[in-house]
Structures are given as C-alpha cells and as structure tokens.
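Report on one structure; see the data block that follows.
Only the coordinates and a few stated rules stand behind these numbers; no lab work does. Computed from a predicted structure; not experimentally measured. With ideal geometry, Cβ positions are generated from the backbone for all residues, glycine too; neighbour counts draw on all protein chains shown.
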Amino acid sequence: MTSASFVSSPQTGMRRVVRVFALITVAAMFVWSAGTPAVAQQADIPSETVDAAVEAATDAGLSDVESEAIRSILEQTERQPGALWSAAGAIHDELGTTGTLAYARALQTDNLEARTDRRFERRQANRGRRGDRPGPADRLSQVVDLTEEQQSQIDEIHSAHRERMRDRRAEDAGRPSVETREAMRSLRAEMRAEIRSVLTDEQIQEIEEQRAARRSGQEVRREEAMAVRDDVLGLSAEQKAQLDTLRARHREARQAAREEGERVRRPMARRAAGRAEVAAILDDDQEAVFTLYHALRGTIGVQALGRGDGPGPRGPRGANGR
C-alpha cells in the first residue's frame with residue numbers, strides 16, 4: 001500500500017504550509033510576550049516530564065538543536081483536545097520521518113522501562129492495603145448526598161457480595177473459567193441492583209444526569225481531538241473510511257466476545273497488532289506522526305493534558321490510544 005494511494009503531494013505540501021504557519025504564529029507570540037511584563041503561568045506539561053521526553057531525544061542520537069526544538073514544542077503544548085497530535089506533527093516537521101521514528105522508538109523504550117518500574121511500585125504499595133480501597137458508598141457519596149443509613153446498607157451489600165465473589169473465584173484453581181466469569185458478572189449486576197434499590201428516585205436521577213453529562217463532554221472532546229488528528233495527519237476521505245471500517249470491525253469483535261462470556265483484554269500483542277493495521281492505511285509521513293503520538297502519550301499520558309486529548313485514528317481500541 002503506497003502513500004500515493006491516499007495522500008497526494010499537494011495535500012502533503014499544504015499540510016506542511018499549515019504547520020509552518022502555526023509555528024510562525026507561535027514564534028511571533030513568543031517575541032511579543034518577551035516585551036511584556038512577565039505573568040506567572042503554570043506549565044501544562046510538568047517540567048520533569050518534558051525533561052524525560054528531551055532525554056529520549058539524546059538516546060535517539062538527535063542533535064542539541066533538535067532536542068531543544070522538541071523541548072520548545074512540548075513546553076508550548078497547552079491543555080486542549082488534540083494537543084499531542086499537534087505536538088507530534090510539529091516535532092515531525094522538525095525531525096523529518098527518519099528522525100521522528102528514531103525519537104519515537106527511544107520514547108517507547110523509556111516508556112516500557114518506566115511502566116515496569118511503576119507496576120513493581122504499585123504491587124509493593126498495594127500489598128496488604130486492599131481493605132483501604134474506597135467502597136461503593138464512599139464513591140457514591142462523592143456524587144450524591146447519602147444518609148448514614150444508606151451508607152451502612154450499601155456497605156453491607158458490598159461486603160456480602162464481595163464474600164460471595166471470593167468464594168466463587170476460589171472454586172477455580174487457575175485461570176477463571178467461562179462459567180466463573182459469567183457468575184461474577186451476574187453477582188456484580190445483582191449487587192448494583194441491590195444498591196440501586198437503596199437510593200431514592202431523586203438520587204438515581206442525579207447520578208444518571210451526571211453520568212450523561214460526563215459522557216457527553218467526553219464525546220465532544222473526542223470529536224474535537226479527532227478533528228485535530230485529521231488535520232495533522234492530512235487524512236484523505238478514503239483513509240477516513242478505511243479507518244472507520246477497521247474500528248467498526250474491532251468493535252463488533254469485542255461485542256461478540258462479551259456476548260460469548262469472554263473477558264475482553266488488550267494485551268501488548270493485541271494492541272501492537274491493532275496499530276499495525278492502522279499504520280498500513282497511512283503513508284510514511286503519517287505513520288511517523290502516528291507512531292510518535294502514541295509514544296508521547298506513553299511518556300506524557302492523559303494526566304498532564306487531560307482526557308480530552310482524544311483517540312488516534314479510528315481503528316481498534318488498542319490503536320486509538322483509548
């Protein structure tokens with residue numbers, strides 16, 4: 001599959017012109033602000049995170065000039081939907097396709113090491129602390145006002161079902177069977193129904209309204225981020241259609257797995273395979289930006305910029321950064 005199949009040279013040229021214009025605008029704003037009184041401003045990406053991202057540039061064999069260009073781009077990245085897509089596109093304009101891929105690989109190596117360290121730290125921290133985790137009553141009280149009686153009833157329901165779940169899991173010596181997973185789902189559904197019966201109609205309505213508002217806001221941010229993604233990658237109509245088809249196919253596969261009682265997992269192998277399918281639809285420049293975007297997400301994550309940064313191209317869930 002060649003790049004000419006989807007993105008013509010004029011499109012690529014226009015994409016670069018748009019990015020160069022954006023960089024010139026940012027530079028002009030920087031020059032203007034240099035002559036005005038300094039105003040304290042909190043960085044959207046923590047400085048230590050930027051330092052880690054720049055350190056990876058050294059590991060990739062990039063020059064000091066290129067490393068400082070990366071630092072400048074990341075320090076100017078703001079908290080808004082599609083921010084990392086814009087940053088990935090700007091870095092690609094500075095490094096080119098080869099340099100971008102080398103930088104992305106260095107980030108991925110650092111991310112894997114950091115992920116391993118974080119996993120070990122979590123295991124150490126969680127030993128003997130499972131009882132300290134907040135229960136349903138604690139979580140619900142952050143959404144609606146619960147009476148002491150309601151909190152007590154919900155805690156009792158949760159404790160009873162947790163004991164039943166523990167006994168059910170103990171019946172399987174190794175990996176949970178399909179029957180056990182189905183039983184666990186039934187127990188969780190039963191627990192939710194009992195907790196719901198403790199709440200008043202007004203409390204249930206308030207919870208549902210907040211949930212709907214949260215989902216609506218997430219969808220708006222996702223659409224905004226995808227619009228930035230489309231602009232940065234310069235996706236053609238045919239590419240968008242292919243990505244939509246790919247995403248729908250994987251969504252149907254996940255739904256079928258749920259209906260058959262299988263637990264849907266996203267291990268590294270499946271995630272890598274999904275991203276490979278997406279990359280096959282992109283040209284070389286687009287694939288480099290796509291790869292760097294996911295590497296940046298691994299380094300910076302959604303915590304620094306918020307969850308509005310949005311998904312990658314509409315492929316399998318493992319390929320769209322969700």
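One decimal place: the segment A227-E148 gains 23.7 nm when fully extended, by the rule 0.36 nm per residue minus the C-alpha distance. 3J(HN,Hα) along the range 230-237, derived from phi through the Karplus expression 6.51 cos²θ - 1.76 cosθ + 1.60 where θ = phi - 60°, amounts to 4, 5, 5, 7, x, 5, 7, 4 Hz, with x in place of Gly and Pro. When H294, H92 are sorted by how many other C-beta atoms sit within 10 angstrom of their C-beta, beginning with the fewest, the order is H294, H92.
The phi-based Karplus calculation (6.51 cos²θ - 1.76 cosθ + 1.60; θ = phi - 60°) puts the 3J(HN,Hα) values of the range 177-186 at 6, 4, 5, 5, 5, 5, 5, 5, 4, 5 Hz, whole numbers, x for Gly and Pro. Taking each residue as 0.36 nm, the span from S177 to R192 lengthens on full extension beyond its C-alpha to C-alpha distance by 3.1 nm. Derived value for the range 134-207: Kirkwood hydrodynamic radius 13.4 Å. Basis is the mean of 1/r over every pair of different alpha-carbon atoms. Going from the fewest other Cβ atoms within 10 Å to the most, the residues M226, M184 appear in the order M184, M226. Our estimate of slack between E252 and E55, defined as 0.36 nm per intervening residue step minus the Cα-Cα distance, is 66.8 nm.
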